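Note sheet for the following structure.
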Amino acid sequence: MKEISDEEALKESLVHPEVFKIIYERYHDRIFRHIYKLTQNVEITKDLTEETFYEVIKYRETIIKSGVPFEKYIYRISTNEVYKYFNKEKKLRKFQGKLYEKEEIKGITDDKSEEIDNEKLKEAINNLPELKRICIIMYYFEDKNIEEIAVILNKGKSTVSRILNEARNDLREALWEKFEGKE
């Protein structure tokens, strides 16, 4: 049986709702991981993942008409769901567990990166403003390029590039202060 594209599955699901299962199975795990990296809470992630798919079902026709590749659109929706959740909660969350590894952050820190431990890195990332934190996570930990991030966040490429540069500078500054305070 020929595998159908995301766009074809979406169109077909308008007539035959059971076809949406293809989209759900294709993207569920990826979206779950993406949201989990942003929330670090399994229960919240489950809810926001399901809410993401509900939004996709609700706006299928708009998604089809947009011409934006479905993968970019679903990441945008899931990221927006995280924004909405945390705006309602009005509190910052702290990342837990071993999410960041030093090998994954090449380019974030300077030559002192060998002396910066994961806990200090996590703390520095957690203390970034939300948009900067999301950009850093998507770029360094989800291997998204600037163009993909721009589409997901509905921002211009130059804006995302600027946000990433500012976030890297903020991280260097925060980690440098911690490093200097250690001596």
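The values are calculated or read from the model by the stated rules, or taken from the named source; none is laboratory data. Since the structure is predicted, the reported quantities are computational estimates derived from the model, not experimental observations. All Cβ positions, glycine included, derive from the backbone under ideal geometry; neighbour counts span all protein chains shown.
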Extreme residue, surrounded by the most Cβ atoms within 10 Å (Cβ to Cβ), among residues of region 145-169 that are outside any helix (DSSP H, G or I) and without any contact (Cβ under 8 Å) to a residue 40 or more places away in the chain:
155
Looking at region 43-68, which of its residues are modelled with pLDDT of 90 or more and not in a helix (DSSP H, G or I)?
59
Positions within region 1-42 being of a type in the set (Lys, Arg) and either touching a Leu at 6+ places or on another chain (Cβ under 6 Å) or not in a helix (DSSP H, G or I) (or both), in sequence order:
2
With 90, 178 as the choices, which residue is at pLDDT below 85, surrounded by 14 or more Cβ atoms within 10 Å (Cβ to Cβ), out of contact with any Ser or Thr (no Cβ under 8 Å at 6 or more places or on another chain) and of a type outside the set (A, V, I, L, M, F, W, C)?
178
For residue 30, state whether it is at pLDDT 95 or above and among the basic types (Lys, Arg).
yes
How many residues, within region 36-50, are free of Cβ contacts under 8 Å to residues at least 40 places away in the same chain and crowded, with 17+ Cβ neighbours inside 10 Å?
4
